[in-house]
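For reference, the structure is listed below as structure tokens.
Only the coordinates and a few stated rules stand behind these numbers; no lab work does. Source: prediction; values computed, not measured. Quick reminder, even Gly has a Cβ in these numbers, built from the backbone with ideal geometry, and neighbours come from all protein chains shown.
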Amino acid sequence: MQPVNLPVGVFSRAEQRVLQSIFKAIAEGGGRCVATLEMLARDSNTSKSTARNAIARAVAIGLLEKTERRYYGAVSLPNILSPGQLWQRVPPSVSTYAAGLSEREWPAFDSHMQH
């Protein structure tokens, strides 16, 4: 079950679950996800390294944008994940909505696009 219409083989099934957790958090969080790696791993039933790899690959291809919130001498806040350029060009697929989210809940969804 792929979260968006990407070429087969870009993300493993476990990474796809991580991305679904991120997209759900983006939809519920007003267009951004501030979940920690631990939270994403728990929600997607994967490891922290799988979550980290999925995020790195999604950022590399433009599916997500990552804003780091680093503090010197203190614990940093979680990174902010938001939809990237690829997200805005490729609308979510029908499988994305299997988690019970309507099209209106997804950020950057262009309602005049044909399905």
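Extending 7 Å from Cα along the Cβ direction at Ser12 and again at Thr67 yields two label points whose distance is 3.1 nm.
Between Leu86 and Ala56, residue separation times 0.36 nm minus the direct Cα-Cα distance comes to 9.4 nm.
In what sequence, highest mean first, do 54-67, 9-22 appear when ranked by Cβ atoms within 10 angstrom?
Numbers: 54-67: 17.6, 9-22: 19.3.
Final packing ranking: 9-22, 54-67.
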